[in-house]
Structures are given as structure tokens and as C-alpha cells.
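Single-structure report; data block below.
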């Protein structure tokens, strides 16, 4: 049985097998949004690999026994588990399937440079977000390196940050599994993030776009202060234009991975998006939000060669949604009781 699924065959209902990122990328394709081609190494492969480790020494039960208030024990457990994941060989048939799928991504042009991204089954859910807790590797060039990064992504499910998050929230360890997204890289002229709800005020009537030159990892990682625009969803009016001094950009490194390069002096204070590009992004943001039925946090990139806009990821906005889901105070049976209690009196 194959452990590979292509984006074209996926939707959000497949999240238990392909994780949050994998399911969302398939769903975006169904919404006719441009997404770089790719595939997912499903959780089947992870579970087989984990079973091999469990046969030698417990993994999930060891994590379930951890105390969220014992950071030293969590750190020791994390280090031991990550070593085991990264030192254990992959099953031979899994290796062959990943090699074949990676070769197919290259097409007639040969080997494709890809992003290898963790896609945990519990991430990007409406009531929790694992964003930033698991590993992502950019501009991976060879099949051998893809195989190493798949194993590293699996291991990142057991990072200190991820274990701490799960133990603090009391999430069931048996429900945790990791898929891995392998996706063709976009040679981005400019890239960034888009929020279909204001990340600072929660305003639903605006879209906020943040962008910088080069790959979006500089923006997501906080290594550059991006340009920022706030745009009315209905009117399209640009209410805020905040153009920053963008000193660096992320670009592909010659031997794989990425590197930070200086931005030419003439481009540092130049807006990295034109008004037509902003309108295109807003149109896409509105369409994606309608498709999912809730506010989204979107990563995007604009191809250097032809200016095509690609979405790299879309996840539910969680900060303001979580605030709204929790009532400020318990509703009183008699509304007058609340008013009187403020003044220490009785109704």
C-alpha cells in the first residue's frame, strides 16, 4: 500500500492521514487556488516507523507520563527520542516511494528543489495551533536529503516546544502523528503572509498583508521588518501603507537550504508589492476565507519569473477566534444582579 498522496487527491477530510498542512493544500487546490505541486508522506509511514521504535522502547507512554511542570524531564525525553528517530533507518519500500515521488515532481527539468514541511495531525485545528512547533526545511535539492528531512520532521513532533505544548493542553498522545509535505519551491521575488482578519485588532472588515523581498521565511521567522498594508475587504481601500527598511532577503543557498543576503540600497525602502498585486492577493484572501468559512492566516509567494501568485499554506486564525469563544463572565440569571454586584448591593 502506498504511503504517498498527491495534493490533487486530498481535502480537509484527509487530515487524520496527512495532517493540517497536507489537508489544507489539497483543499486549496479544490478551491481553484494556485498551489505549488507536491505530495504528502502520510501518517501510515510514520506509524510503521514508530512501531519499530516502540518495539525496542516505549515512546508514547513515556511522553504521556511526563509532568508539564518538569522542563528538565521534557528536555531529556525530547533529546533521547529525537536521536532515536534520526538514527533509525527508514523502511525500504518507504524510501523507494519517496524517491519515485520526488523524481516525478522534477518532470522533464530533472530534480526539483523542494520544501519539506512537518504536517502534524492535530495542527491547525480550530481549537489549537502547532504553528512553528515542528520543523520545516527549504530548498532541499536531492532525494537523499529529502529522505533525511522526512525523518527529521517526524522527530520534530518530539521537540521540547511541541512536547511542552501537548502536555500543558493535556492532548492525548495516541492521537499524535506526523505526515510530511514535500512541495516544489517557489523562486520568490517577494513573499509574506496575509491575514483575512486584523491580527492586531481582530477587525473582520480588513485584510492585512505583510511582505518582504525574497523568500517568505524572513518574514515568518521575524528576521526582517516587512512592508505592511491594511486593506478594506469590501471597498478595497488601502487604509495603511507602512513601508519598512528591508535590509535582508532570504534566497536559495548554492548547496541547498537558504541564506540571508543584503538587499540593494535602491530596493530597501521600495514597496515590494504593487497596488495591482495587492488587489490580486486580496481577491485570493477573500475567496479562501469564503471557502473555509472562517478567517485565515495565509502564506503566499510571487514567482520571480512570471509574477504568478502561489499560496503555500492556509490555516485558521486562532488568536481572536479563541478570545471570542471564551465568555468574559458567566451570564447571570437576573441581569440586574450583575449591575448591583458592582456597587455591592442587592437587587
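The values are calculated or read from the model by the stated rules, or taken from the named source; none is laboratory data. The structure presented is a predicted model; accordingly, all values stated were derived computationally and were not measured. Cβ placement follows ideal geometry from the backbone for every residue including glycine, while neighbour counts extend to all protein chains displayed.
Among residues of segment 101-136 being in a helix (DSSP H, G or I) and surrounded by 13 or more Cβ atoms within 10 Å (Cβ to Cβ), the one that is modelled with the lowest pLDDT is 106.
Which is surrounded by fewer than 24 Cβ atoms within 10 Å (Cβ to Cβ), at pLDDT 95 or above and either in contact with a strand residue (DSSP E or B) (Cβ under 6 Å, 6 or more places away or on another chain) or not assigned by TED's automatic domain parsing to the domain that holds residue 281 (or both), of 73, 55, 64?
73
Taken over segment 305-317, the criterion of being surrounded by fewer than 20 Cβ atoms within 10 Å (Cβ to Cβ), under 22 Å from the mean Cα position of the chain (by Cα) and part of a loop (DSSP other than H, G, I, E, B) is satisfied by 308 alone. Checking the stated criteria, residue 192 turns out to be modelled with pLDDT of 95 or more, over 30 Å from residue 76 (Cα atoms) and not assigned by TED's automatic domain parsing to the domain that holds residue 22. If residue 5 passes every condition in (1) in contact with a strand residue (DSSP E or B) (Cβ under 7 Å, 6 or more places away or on another chain); (2) in a helix (DSSP H, G or I); (3) free of Cβ contacts under 8 Å to residues at least 60 places away in the same chain but one, which one does it miss? Result: residue 5 passes all but (2).
Conditions (1) touching a strand residue (DSSP E or B) at 6+ places or on another chain (Cβ under 9 Å); (2) outside the structural domain of residue 17 (by TED's automatic domain parsing); (3) over 24 Å from residue 3 (Cα atoms), marked per residue:
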| site | (1), (2), (3) |
| --- | --- |
| 79 | no, no, yes |
| 84 | no, no, no |
| 91 | no, no, no |
| 98 | yes, no, no |
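Every condition in (1) surrounded by 12 or more Cβ atoms within 10 Å (Cβ to Cβ); (2) modelled with pLDDT under 90; (3) in the same structural domain as residue 194 (by TED's automatic domain parsing) is met by residue 341 except one, and the failing one is (3).
Strands (runs of 3 or more DSSP E) fully within segment 167-236 that include at least 3 residues being more than 24 Å from residue 39 (Cβ to Cβ): 188-195, 206-213, 227-232.
Within segment 22-36, the set of residues being crowded, with 20+ Cβ neighbours inside 10 Å and in a helix (DSSP H, G or I) comprises 22, 23, 24, 25, 26, 27, 28. Only a single criterion out of (1) farther than 19 Å from residue 303 by Cβ; (2) surrounded by 14 or more Cβ atoms within 10 Å (Cβ to Cβ) is not satisfied by residue 266, namely (2).
Can you name the residue in segment 237-250 that is part of a strand (DSSP E or B) and surrounded by 17 or more Cβ atoms within 10 Å (Cβ to Cβ) and, of all such residues, is nearest to the chain's Cα centre (by Cα)?
Going through segment 237-250, the residues part of a strand (DSSP E or B) turn out to be 238-242, 248-250.
From what's left, surrounded by 17 or more Cβ atoms within 10 Å (Cβ to Cβ): 248-250.
Values: 248: 22, 249: 20, 250: 18 Å.
Here the residue is 250.
Residue check: residue 171 meets all listed conditions (1) surrounded by fewer than 17 Cβ atoms within 10 Å (Cβ to Cβ); (2) farther than 26 Å from residue 140 by Cα; (3) over 20 Å from the mean Cα position of the chain (by Cα) but one, namely (3). Note on segment 269-294: among residues that are touching a strand residue (DSSP E or B) at 6+ places or on another chain (Cβ under 7 Å) and not in a helix (DSSP H, G or I), the one that is surrounded by the fewest Cβ atoms within 10 Å (Cβ to Cβ) is 294.
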